[in-house]
Amino acid sequence: MNKKNKITRQDKKKKVEGKTSSVTYPSKLLKPVAAFLQNRLKTLEFRRKSVDEDDPFKDTSRLTDNASPDADAEEQVGKYGLCEDCGKMIDTDRLMVYPEATLCADCQANREQ
């Protein structure tokens, strides 16, 4: 082989870099693919619509209804362990046994009498 006919890799790279190549496919091949993709797109859009309708987070009344029972929770957080009647600390042993206690043992005894 002589040097004129011998093409090196660098020569091939130069030819490819100089041109932007585009590949064309026959429409006979593309039509079924396009039809499939359009059908798939319609299916996905329908599913998205049904998911959006069933989204529980879009119903704002649901969110406020769930938050209602704990609306006063923020106030109570800072008062945990304090007696509602006298304001003194509730004994730690009492809170260990009965964590929901809101009264110290003395005030609880007074209420039960």
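For this structure, a couple of remarks:
- Distance (nanometres) between label positions extended 7 Å along Cα→Cβ at residue 84 and residue 39: 6.6 nm
- Residue 108 paired with residue 31, simple spin-label distance in nm, labels 7 Å along Cα-to-beta-carbon: 8.4 nm
Since every read-out is calculated from the coordinates, none of them should be taken as a lab result. Predicted, not measured: the structure shown is a model, and the values here were computed from it. Cβ sites come from the backbone with ideal geometry, for glycine too, and all protein chains shown count toward neighbours.
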